[in-house]
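Visitor: There's a structure below that I have some questions on.
The values are calculated or read from the model by the stated rules, or taken from the named source; none is laboratory data. Keep in mind it's a predicted model, so treat the numbers as computed, not measured. Reconstructed Cβ throughout: ideal geometry from the backbone, glycine too, with neighbour counts over all protein chains shown. In case anyone asks, the SASA skips ligands and DNA or RNA and just uses the protein heavy atoms, side chains included. Shrake-Rupley method; radii C 1.70, N 1.55, O 1.52, S 1.80 Å.
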Amino acid sequence: MDMIEVIRRGQAELLCGEEEGVLLRDVPSGAYMMSAVDEDMGERLLSLIPRGLKDGLYVAHQEFLKESICRRFKGSVINTCVQAVYTRKTPLEEDSRFCIKTLDTSYLGEVYFHYHAVHDKGYLEERLRSGMMYGAFADGKLAGFIGMHAEGSMGILEVFEEFRRQGIAEALERHLINRILEKGWVPFCQIFTDNEASVKLQQKLGLRIGRDMVYWIS
């Protein structure tokens, strides 16, 4: 779904599209995304990626591709995820207990302070500028936030410690799913394999969990 949505949303540079394998570059994030039926096709796809890329980012859908990327491009950081997709077109009922609104760059300091999965402040600022970052407010205070990553997946989810276990994460994701549906897109996310709480949240919201792994390599 991640590669399909990059194409559907018009942000893909298609480098190879064959029955045996697909390689594309997501323009906003710069990530090279690929899927291949076997190792031979995988090597063909990888040969199309320029060597010597600074801070290269790669998304592989087969383990043999992950291993080849690490060898060829010296990738050392590997995040293994499962993919979850909201396949329905019906909006979710939103939680009226919380005020959820779009965040702008005036919230960059708070987002950067609380969100530790991304250490690039410039990236978070760009995500705020995209208009696809949302915050939940309780008693007028920012209690948590969620957003859409550059390549289109849902994420950047954080609820501040004092506001946890109140349903804010679920409320935020319900809101984001509905905003994505309004644009005619398919909501999807990628979850670290050890994040059982997130998997349960996706299942509760009706997302379907993929059987195969997705590997982010940098």
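Visitor: Could you look through segment 66-85, keep only residues that are aliphatic (A, V, I, L, M) and open to solvent by 40 Å² or more (accessible area, probe 1.4 Å), and pick out the one that is farthest from Met154 (Cα to Cα)? Walk me through how you get there before you give the answer.
Guide: Residues of segment 66-85 aliphatic (A, V, I, L, M): 69, 77-78, 82, 84-85.
Next, only the ones that are open to solvent by 40 Å² or more (accessible area, probe 1.4 Å) stay: 77-78.
Details: Val77: 21, Ile78: 19 Å.
Restricting to residues being aliphatic (A, V, I, L, M) and open to solvent by 40 Å² or more (accessible area, probe 1.4 Å), the top hit is Val77.
Visitor: Write out, first by first residue and then by second, each pair whose Cβ atoms fall under 6 Å of each other, whose residues are 6+ apart or on separate chains, and whose first residue, in segment 19-34, is within 10 Å of Ala60 (Cα to Cα) while the second is open to solvent by 10 Å² or more (accessible area, probe 1.4 Å) and among the basic types (Lys, Arg).
Guide: If the second residue must be open to solvent by 10 Å² or more (accessible area, probe 1.4 Å) and among the basic types (Lys, Arg), the pairs left are Tyr32/Arg25.
Visitor: So, one more: If I filter segment 187-202 for residues that are touching a Cys at 6+ places or on another chain (Cβ under 7 Å), hydrophobic (A, V, I, L, M, F, W, C) and either in contact (Cβ under 8 Å) with a residue 60 or more places away in the chain or within 20 Å of Met133 (Cβ to Cβ) (or both), do I get at least one hit?
Guide: Yes, that holds for at least one residue.
Visitor: So if I check each of Asp40, Asp2, Asp55, which one is free of Cβ contacts under 8 Å to residues at least 24 places away in the same chain and acidic (Asp, Glu)? Steps first, answer last, please.
Guide: Working: Asp2 fails: free of Cβ contacts under 8 Å to residues at least 24 places away in the same chain; Asp55 fails: free of Cβ contacts under 8 Å to residues at least 24 places away in the same chain.
That would be Asp40, the only listed residue that is free of Cβ contacts under 8 Å to residues at least 24 places away in the same chain and acidic (Asp, Glu).
Visitor: Might you check whether a residue that is in contact (Cβ under 8 Å) with a residue 24 or more places away in the chain, more than 15 Å from the chain's Cα centre (by Cα) and under 19 Å from Val27 (Cβ atoms) occurs anywhere in segment 126-134?
Guide: The answer is yes, given that some residue of segment 126-134 is in contact (Cβ under 8 Å) with a residue 24 or more places away in the chain, more than 15 Å from the chain's Cα centre (by Cα) and under 19 Å from Val27 (Cβ atoms).
Visitor: Residues to consider are Glu63, Glu18, Glu43; find the one that is farther than 26 Å from Met132 by Cβ and surrounded by 14 or more Cβ atoms within 10 Å (Cβ to Cβ).
Guide: Working: Glu63 fails: surrounded by 14 or more Cβ atoms within 10 Å (Cβ to Cβ); Glu18 fails: surrounded by 14 or more Cβ atoms within 10 Å (Cβ to Cβ).
Of Glu63, Glu18, Glu43, the one residue that is farther than 26 Å from Met132 by Cβ and surrounded by 14 or more Cβ atoms within 10 Å (Cβ to Cβ) is Glu43.
Visitor: Mind counting the residues in segment 67-114 that are under 22 Å from Gln190 (Cβ atoms), among the hydroxyl-bearing types (Ser, Thr, Tyr) and modelled with pLDDT under 95?
Guide: 1
Visitor: Determine whether segment 192-199 contains at least one residue that is touching an Asp or Glu at 6+ places or on another chain (Cβ under 6 Å) and assigned to a helix (DSSP H, G or I). It would help to see each step written out before you state the result.
Guide: Residues of segment 192-199 that are touching an Asp or Glu at 6+ places or on another chain (Cβ under 6 Å), as a first pass: none.
Checked segment 192-199: no residue is touching an Asp or Glu at 6+ places or on another chain (Cβ under 6 Å) and assigned to a helix (DSSP H, G or I).
Visitor: Further, regarding this structure: Whether any residue in segment 21-38 is open to solvent by 40 Å² or more (accessible area, probe 1.4 Å), among the acidic types (Asp, Glu) and farther than 24 Å from Ser153 by Cα is what I want to check.
Guide: Yes, that holds for at least one residue.
Visitor: Okay, next question. Considering only segment 86-96, I want to know if a residue exists there that is over 22 Å from Leu207 (Cα atoms) and open to solvent by less than 80 Å² (accessible area, probe 1.4 Å). Talk me through it step by step, then tell me what you get.
Guide: Restricting attention to segment 86-96, the residues satisfying the condition of being over 22 Å from Leu207 (Cα atoms) are none.
No, segment 86-96 contains no residue that is over 22 Å from Leu207 (Cα atoms) and open to solvent by less than 80 Å² (accessible area, probe 1.4 Å).
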